[in-house]
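Q: Sending over a structure as structure tokens; questions will come in a sec.
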Amino acid sequence: MSRIGNAPITLPSGVEVNLDGQSITVKGAKGSLQFDINSDISVEQEDKTLKVKALNSSILANALSGTTRAIVNNMVTGVS
């Protein structure tokens with residue numbers, strides 16, 4: 001798995017995350033952002049952290065896990 005994809009995303013105070021199937025919405029003081037997640041990737045929320053996981057061991061899923069993690073992290077940074 002991708003090294004970047006393994007790193008958890010810490011949510012700062014004031015940031016809310018809504019996971020609805022393969023869609024993630026991040027809301028904060030500076031606005032709201034939405035992203036559709038590939039079907040080979042899952043995002044799970046545990047308290048104030050998000051974890052991105054590849055659902056299979058394909059090269060595409062491995063690459064997408066790191067890319068998805070980076071995009072979601074940038075969304076969290078952008079709204080806070």
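Q: I need the full set of residues from region 56-75 which are among the β-branched types (Val, Ile, Thr), modelled with pLDDT under 95 and touching a strand residue (DSSP E or B) at 6+ places or on another chain (Cβ under 6 Å), in order please.
A: Once the filter is applied, which keeps residues that are among the β-branched types (Val, Ile, Thr), modelled with pLDDT under 95 and touching a strand residue (DSSP E or B) at 6+ places or on another chain (Cβ under 6 Å), region 56-75 yields nothing.
Q: Further question on the same structure: Of the residues that sit in region 19-44 and are assigned to a strand (DSSP E or B) and aliphatic (A, V, I, L, M), which one is nearest to Ser65 (Cα to Cα)?
A: It comes out as Ile41.
Q: Inside region 61-73, can you point out the residues that are over 16 Å from Ser39 (Cβ atoms) and over 9 Å from the mean Cα position of the chain (by Cα)?
A: Passing the criteria: only Gly66.
Q: Which residue pairs have Cβ atoms under 7 Å apart, sit 6 or more places apart or on different chains, and have a first residue in region 1-20 that is free of Cβ contacts under 8 Å to residues at least 60 places away in the same chain and a second that is open to solvent by 100 Å² or more (accessible area, probe 1.4 Å) and assigned to a loop (DSSP other than H, G, I, E, B)?
A: These pairs meet every condition: Thr10/Lys48.
Q: Considering region 1-18 alone, what residues qualify as being within 17 Å of Thr67 (Cα to Cα) and either acidic (Asp, Glu) or assigned to a helix (DSSP H, G or I) (or both)?
A: Across region 1-18, the qualifying residues are Arg3, Ile4, Gly5, Asn6.
Q: Do you know which residues across region 40-79 are among the aliphatic types (A, V, I, L, M), within 15 Å of Arg3 (Cβ to Cβ) and in contact (Cβ under 8 Å) with a residue 60 or more places away in the chain?
A: Answer for region 40-79, where residues must be among the aliphatic types (A, V, I, L, M), within 15 Å of Arg3 (Cβ to Cβ) and in contact (Cβ under 8 Å) with a residue 60 or more places away in the chain: Ala63, Ala70.
Q: Another question, then. Any chance you could count how many residues in region 45-80 are in contact with a Gly (Cβ under 7 Å, 6 or more places away or on another chain) and in a loop (DSSP other than H, G, I, E, B)?
A: Looking only at that region, the number is 1.
Q: Right, next: Tally the residues that are surrounded by fewer than 20 Cβ atoms within 10 Å (Cβ to Cβ) and either of a type in the set (Asp, Glu) or farther than 16 Å from Ser23 by Cβ (or both), restricting the search to region 62-75.
A: Residues meeting the conditions: 7.
Q: Hey, could you check region 39-61 for residues that are open to solvent by 60 Å² or more (accessible area, probe 1.4 Å) and among the polar types (S, T, N, Q) and say which is nearest to Val17 (Cα to Cα)?
A: Among them, the one singled out is Gln45.
Q: Within region 3-23, can one find any residue that is of a type in the set (Lys, Arg) and modelled with pLDDT under 95?
A: Yes, that holds for at least one residue.
Q: Against the condition of a type outside the set (A, V, I, L, M, F, W, C), surrounded by 17 or more Cβ atoms within 10 Å (Cβ to Cβ) and in contact (Cβ under 8 Å) with a residue 40 or more places away in the chain, how does Gly28 come out, does it pass?
A: Yes.
The values are calculated or read from the model by the stated rules, or taken from the named source; none is laboratory data. Since this is a predicted model, take the numbers as computed values, not measurements. In this analysis, Cβ positions are derived from the backbone assuming ideal geometry, glycine residues included, and neighbour counts consider all displayed protein chains. Heads up: the accessible areas ignore ligands, DNA and RNA and are worked out on the full protein's heavy atoms, side chains in. Shrake-Rupley method; radii C 1.70, N 1.55, O 1.52, S 1.80 Å.
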